[in-house]
1. Quick one: net charge of H181's neighbours, Cβ under 9 Å, K/R +1, D/E -1?
2. Taking GluC sites (Glu not before Pro) that fall in a DSSP loop and have at most 13 other Cβ atoms within 10 Å as cut points, what is the longest piece of the chain between them?
3. Considering only protein heavy atoms, what per residue accessible area in square angstrom results for the chain with a 1.4 angstrom probe?
4. Hey, in the GNM for the chain with a 10 angstrom Cα cutoff, which one of L210, L283, L65 fluctuates hardest?
5. Over the alpha-carbon set of the range 157-264, work out the extent along each principal axis and list the three values in angstrom, largest first.
6. Quick one: Karplus J couplings for the range 18-34, per residue in order, coefficients 6.51, -1.76, 1.60, θ = phi - 60°, nearest Hz, x for Gly and Pro?
7. Along the positive direction of the dipole of the chain (beta-carbon charges: Lys, Arg +1; Asp, Glu -1; about the Cα centre), which of L294, Q93, I397 reaches farthest?
8. Over the range 214-338, with every protein chain in place, what whole percent of the accessible area is carbon and sulfur at 1.4 Å, could you tell me?
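The values are calculated or read from the model by the stated rules, or taken from the named source; none is laboratory data. Everything numeric here is computed off the predicted structure, so don't read it as measured data. Note that each Cβ is placed from the backbone with ideal geometry, even for glycine, and that neighbours are counted across all protein chains shown. Note: areas computed on protein heavy atoms with side chains; ligands, DNA, RNA excluded. Shrake-Rupley method; radii C 1.70, N 1.55, O 1.52, S 1.80 Å.
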Amino acid sequence: MGDIVLISITGKDRKGLTARVSTILAQYQVTILDIGQAVIHEHISLGMLVDIPCSQNFSLMFKDLIFEGHKMGLAVDVVPVDSNEYETWVQTQNKERRIITVMGQAITTAQISAVSSVITDHDLNIDSITRLSGRRSLKKPSQSPMACIQFAVSGTPRSIPEMKGRFIHISRDLGIDISFHEDNIYRKNRKLVVFDMDSTLIQAEVIDELAKLAGVGDQVAQITESAMRGEIDFKQSFRRRVALLKGLKEKDIQGLARTLPLTDGADLVTRTLKRLGYKLAILSGGFTFVGNYLKQTLGFDYVFANTLEIENGEVTGRVTGEIVDGQKKAELLRQLAKKENLSIQQTIAVGDGANDLPMISIAGLGVAFNAKPIVREKAANAISTMGLDGLLFLLGIHEREIPDPNPPSETMTGFIS
């Protein structure tokens with residue numbers, strides 16, 4: 001090992017810059033130890049940590065770099081690095097690493113200040129910051145603006161629960177979503193996504209819609225809300241609600257699925273995930289007649305939900321088979337992972353209610369979507385400020401990689417079609 005130096009080049013970006021700099025370094029048989037580059041609004045920041053094998057070449061190389069930088073209108077800084085400090089830096093590569101995702105309609109300096117302060121208070125280092133959302137036009141603002149940045153951080157937090165708790169408070173106070181998960185080998189290798197259905201994939205609770213048809217809407221809605229808040233056992237509440245549907249005509253529920261509005265972003269997120277090779281499943285405490293319709297229209301691979309018992313063209317007030325509750329959802333998630341030859345860490349679970357917590361808690365990435373308070377507080381990742389397609393940001397997918405939701409050849413609606 002010869003002389004170690006850090007080369008920093010900043011200024012207006014131009015084609016061929018890296019080639020010209022590296023050509024100079026190649027003349028002195030320089031070895032690249034680390035390299036990084038960022039371009040913001042056509043201005044570049046290029047850094048190279050290099051090992052110069054012959055110390056006598058340092059001054060010559062430095063002079064050539066300064067001269068080339070002057071010709072290109074760039075600032076060039078070369079700083080010697082102590083070899084012991086370099087070795088200490090090398091050892092830090094085994095530190096724990098996490099991804100913090102910040103999403104909202106816009107990202108403000110107040111939000112960045114709050115999030116970065118938590119990172120600092122927990123002795124974490126910000127290794128990189130990446131924008132995942134597209135560039136925003138100020139003259140022609142989007143009707144549905146969304147912004148997302150990701151922090152890659154390293155180190156061991158002083159207290160993960162305390163850190164998550166502060167992020168929840170910041171989310172509430174500043175109107176953003178903050179998700180916090182480990183950066184490991186599974187993060188880029190997840191292949192199974194399971195969704196709750198009611199109030200997650202669709203903007204309705206199907207049992208409430210059925211209750212309206214049966215004329216018992218208020219009674220069922222009260223039981224539904226209590227169950228979703230986790231105040232009463234799901235199976236008990238479910239049986240009570242289904243019993244109130246007794247006598248509903250089968251013909252009256254036919255076609256209901258077509259009238260239920262999709263959640264914003266549901267079509268886009270499922271279409272994108274399928275294009276990327278993910279397996280998709282619905283694990284729902286709702287009903288199969290809606291789940292199977294979504295399977296057909298959105299391309300789901302699996303549907304597990306409850307089946308209304310119908311005799312002589314009327315709902316009996318019972319369901320057939322085992323009720324799909326929270327524990328059953330977690331069990332089904334494990335079964336699907338095994339069927340697809342995946343680790344549970346390679347799975348993603350998305351839901352909004354208390355009965356989604358068991359599957360959210362065991363999945364490699366658990367996400368609370370427009371969730372009830374009890375769910376939001378217990379889930380490490382949440383989406384509340386944008387549509388279901390915000391999940392793509394949590395997966396590290398850049399907005400430019402997401403297909404156009406309204407291609408010229410298609411006509412999209414807000415309903416299942």
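1. Details: positive: R98, R187; negative: E182, D183.
With Lys, Arg at +1 and Asp, Glu at -1, the net is 0.
2. Values: sites that count: E42, E96, E231, E322, E410.
Value returned for the longest uninterrupted segment is 97-230.
3. 50 Å²
4. It is L65.
5. Here the Cα extents, ordered largest to smallest, are 57, 31, 27 Å.
6. Taking θ as phi minus 60°, the curve returns 5, 5, 5, 5, 5, 5, 4, 5, 4, 5, 10, 6, 6, 9, 7, 8, 7 Hz for the range 18-34.
7. Looking along the dipole axis, the top candidate is L294.
8. With neighbouring chains kept in place, the figure for the range 214-338 is 44 percent.
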